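Since the structure comes first, as structure tokens, the remarks are kept for the end.
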Amino acid sequence: NAIVGGVRAVIGHVPESWLPGGTPDPLIDKRVTLGEQQSRVDGPDKVRGAARFAAEVAMENLLYAAFVHSTIARGRIADIDVSAAAAASGVALVMTYRNAPKMSVPPPIGMTNLKAAGNHTLPIMQDPEIRWNGQVVAVVLAETREQADHAATLVRVRYDAAPARTRFEEGKASAYTPESILVERNRIEKGGPSRKFAEAAFKIDAVYTTPWENHNPIEPHAATIVWRDGKLIVHDATQMIHGTAGSLAKIFGPNAGDVEVSSPYVGGGFGAKGLWDHQILGAAAAKLADRPVRVALSRASMHRLIGGRMQTEQRVALAANADGKLNGLLHHGFGVRPLHSICDEGFTLTGRSLYASESFDIVQHYVDLDLLANSFMRGPGETPGTFAIECAMDELAHAIGMDPLELRRRNVATRDPLSGAPHSQSAMMEAYDLGATRIGWDRRLAEPGVRREGEWLIGMGCASGTFPFMRMPGTSVRITIDASGHAHVSSAAHEMGMGTATVQRQHAADRLGLPLDRVTVTIGDSSLPFASFAGGSSQTASLAAAISSASAKLVAELMRIAGNDTPLAGLKPSEVEFSDGGVCSVGDHARQESFASILRRANRSDLSVVGESGAPLEIMKYSMHSTSANFCELRVSEVTGEIRVDRLVGAFDCGRILNAKTASSQFKGGMIMGLGMALTEETLLDERTGRILSTSLADYHVPVHLDVPDIEVLWTDIPDPRTPLGARGIGEIGTTGVAAAIANAVFNATGKRVRDLPLTLDKLV
Ligand code: MOS
């Protein structure tokens, strides 16, 4: 993957003929259980309360952790007095940098290191240095959570404060400009943008800002941790099981095999559920106290310890000729990324793939501040990026006097605008047509501010969404066929609510020619074969490739052990296929033997194979993106400035949809995050002190039921011939473009262009 990334960084896409592969997955057109509306396999346990989450794992002799957070952004601890806390009732241990065990810096998560999960590169509780306001300075362990919380208030810290850099505007002056954004180059100047801008018939040039945002999964971060016989066992809520195990092994020294991470259920992640300080500090405190420890973060601790989406300021300029064809696309921007952050939020990637502009001028700068590391949050890069680009497209359409949908139609990319590589599959305008019909786009009036009902001004808006296709190498799956002919599929994959096991069970059943009730899928534990993280909307494709490779091995193994007495004797693996619970001759199925019969004759109780997803060569050859068309209809009160979103329609072009029910939930959840981004979400920072002020759901507003309108989800369902199962990712695309569609609808309703998220009512009155 390092090589894939390196080559892409240097030369962009390579010609198709340079690399092997490219035969479409035979399951692309086969519709057995895939594509059906299957309910979640984990649904009944969740509804009954039988699903055990990380903070619910029972353990004898358990201690509860509470954290003391620093109250300055930079400096050192001059003195820390833990005597009152240590003497408080129920307290077993107070850990500070003075008695914490030696721990090395967390190995950072990266595309080239899928066995690591760290989100920042700072030492954790190894010295008296303070590096952000909210850093943990003491861990209190007590017999009950309440005793720990109380004792934490008794820790007295005196600081030698140093001047801290906590202001965005000041940080911009000394911004840094790295050459790489993910696997693309940062500075792009192509096609002579300055000349194109000078000659253009129409131009717009505006600055858009998006705030710092925090993930707020319904389940706050938690881990139940024990050292048993020298082995570190972590029941975690994570979307990076093997990454967490691998990182903890490095941090604490023992071999990777000695760390076990289990995470069968995760109550939402959105990018936040990786390795942060709490698991590391919990494991360290458990080691010191020699007792099991539960860490369950409060919302306040979450906001102080788990990084969120970076704050951005983006300038977008667009130039077009008289018929609306883009001559120039400029996207410059600043985003907060402390130097210790791992997450490279490429918000300027958006404009490189969506539209066929004749010229490009793109660069992204980073602001280093003394703050908590920023991190991955659903659709990192594209989520803030589409807000800027797609509002700008709406502004351009208005300037030209053209329907905004028509402007997209004239400019939609038919191949990669920068490299010229062909799309693997792309039908964004079909998605636009589906969405436009559903919302009734022809009812929209081009002139803003003229549709009204009483005090309410009514408007409609649209915007594109996009997210790249990703597939991770090295993801492994074991398939075991048992004596009764059932298939057991296992991998250390993740379930954050998206339906991982549900969809892969459908996949395995179709691939192996078995009915659903003869397939089980086990995920969520580091003892299972390696799986990369559940991130970048890549997990489904990674697992699908691994299952596909394992089933090829399974054919070969079955034929080998079937020997010469089978009706299949003499056939090559390429001349057989799976069907009806066994192996048959291709096409006519004239010769066949069931799995159970093959195993019985071979005297085997079971047969196991492991398959692995290979290098994602397809992304080097093709421009691969999920895209969407977002539509919104809303009303704005002329009296209060309040926005009421009446309808959201999302039409998605993401390859083939594997499960209508779980996909629809994914898309809706993503769109609700986009709604929150548009209207309410904002992490409030006191720029004087670097202190986060919004530390509860009362301060950080996520949409509640009353805020969420009727949401309709549609999809093109066109298989992508370059991906496993013909599917692309659907986890993150749902959020991209939604905030722009809403802001564009606000403009259509009111004539007011708000370029600063969230769209709170003070900006509209
Ligand atoms: Mo995602 S932000 O890769 O969970």
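Taking first residues from segment 375-401 that are free of Cβ contacts under 8 Å to residues at least 40 places away in the same chain and partners that are within 12 Å of the ligand (Cβ to nearest atom) and of a type in the set (Phe, Trp, Tyr), no Cβ contact under 8 Å between residues at least 6 apart in sequence or on separate chains turns up. Those residues that are out of contact with any His (no Cβ under 7 Å at 6 or more places or on another chain), crowded, with 20+ Cβ neighbours inside 10 Å and closer than 23 Å to GLU612 by Cβ, I need them from segment 700-735; list them, please. ASP720, ARG722, THR723, PRO724, GLY726, ALA727, ARG728, GLY729, GLY731, listed by residue number. For segment 373-406, filtering for residues that are of a type in the set (D, E, K, R) and under 14 Å from the mean Cα position of the chain (by Cα) leaves 2.
Just to check your reading of the model, which residue among PHE652, PHE747, PHE667 is in the same structural domain as GLU395 (by TED's automatic domain parsing) and within 16 Å of the ligand (Cβ to nearest atom)? Please lay out each step first, then the result.
Details: PHE652 fails: within 16 Å of the ligand (Cβ to nearest atom); PHE747 fails: within 16 Å of the ligand (Cβ to nearest atom).
Matching residue, one of PHE652, PHE747, PHE667: PHE667.
When GLN314, GLN279 are checked against the criterion of being over 19 Å from the mean Cα position of the chain (by Cα), surrounded by 24 or more Cβ atoms within 10 Å (Cβ to Cβ), in contact (Cβ under 8 Å) with a residue 12 or more places away in the chain and assigned by TED's automatic domain parsing to the domain that holds GLU681, GLN314 stands alone in meeting it.
Screening PRO515 on (1) more than 30 Å from ALA54 (Cβ to Cβ); (2) under 28 Å from the mean Cα position of the chain (by Cα) shows it passes everything except condition (2). Taking the criterion of being basic (Lys, Arg) and surrounded by fewer than 24 Cβ atoms within 10 Å (Cβ to Cβ), no residue of segment 370-387 qualifies. The strands (runs of 3 or more DSSP E) located wholly in segment 578-648 that include 1 or more residues which are over 25 Å from the mean Cα position of the chain (by Cα) and of a type in the set (A, V, I, L, M, F, W, C) occupy 582-585, 606-612, 625-637. On the given criteria, is LEU714 assigned to a strand (DSSP E or B) and in contact (Cβ under 8 Å) with a residue 24 or more places away in the chain? Spelling it out, LEU714 is indeed assigned to a strand (DSSP E or B) and in contact (Cβ under 8 Å) with a residue 24 or more places away in the chain.
A quick yes/no check of all residues on (1) small (Gly, Ala, Ser); (2) at pLDDT 95 or above:
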{"residue": "ASP160", "(1), (2)": "no, yes"}
{"residue": "ALA164", "(1), (2)": "yes, yes"}
{"residue": "ARG185", "(1), (2)": "no, no"}
{"residue": "HIS221", "(1), (2)": "no, yes"}
{"residue": "HIS235", "(1), (2)": "no, yes"}
{"residue": "GLN239", "(1), (2)": "no, yes"}
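Under the condition of being of a type in the set (A, V, I, L, M, F, W, C), more than 17 Å from LEU305 (Cβ to Cβ) and touching a strand residue (DSSP E or B) at 6+ places or on another chain (Cβ under 7 Å), the residues counted in segment 108-140 number 1. Looking only at residues in segment 449-498 that are away from the ligand (no atom under 16 Å from the Cβ) and among the β-branched types (Val, Ile, Thr), the one that is nearest to the chain's Cα centre (by Cα) is VAL477.
Going by the conditions given, is TYR366 touching a residue at least 24 places away in the same chain (Cβ under 8 Å), touching a Pro at 6+ places or on another chain (Cβ under 8 Å) and under 23 Å from TYR432 (Cα atoms)?
Values: touching a residue at least 24 places away in the same chain (Cβ under 8 Å): yes; touching a Pro at 6+ places or on another chain (Cβ under 8 Å): yes; under 23 Å from TYR432 (Cα atoms): no.
No; evaluated as a whole, the condition is false for this residue.
In segment 566-577, the qualifying residues are those that are in contact with a Ser or Thr (Cβ under 9 Å, 6 or more places away or on another chain) and in a loop (DSSP other than H, G, I, E, B), and the one that is nearest to ALA509 (Cα to Cα) is LEU568.
Whether a residue is in contact with a strand residue (DSSP E or B) (Cβ under 7 Å, 6 or more places away or on another chain) and among the aliphatic types (A, V, I, L, M) was assessed, and LEU407 does not pass this test. Is one or more of the residues making up segment 702-710 of a type outside the set (Lys, Arg) and touching a strand residue (DSSP E or B) at 6+ places or on another chain (Cβ under 6 Å)? Yes: one or more hits. Among the residues of this structure, GLY582 counts as one that is touching a residue at least 60 places away in the same chain (Cβ under 8 Å), in the same structural domain as ARG478 (by TED's automatic domain parsing) and in contact with an Asp or Glu (Cβ under 8 Å, 6 or more places away or on another chain). Among the residues in segment 533-554, are any over 28 Å from THR244 (Cβ atoms), more than 16 Å from the ligand (Cβ to nearest atom), modelled with pLDDT of 95 or more and surrounded by fewer than 19 Cβ atoms within 10 Å (Cβ to Cβ)? Among the residues of segment 533-554, at least one is over 28 Å from THR244 (Cβ atoms), more than 16 Å from the ligand (Cβ to nearest atom), modelled with pLDDT of 95 or more and surrounded by fewer than 19 Cβ atoms within 10 Å (Cβ to Cβ), which makes the answer yes.
The values are calculated or read from the model by the stated rules, or taken from the named source; none is laboratory data. Keep in mind that this is a model prediction, so the values were computed, not measured. Because the Cβ atoms are built from the backbone with ideal geometry, glycine has one as well, and the counts that use them run over all protein chains shown.
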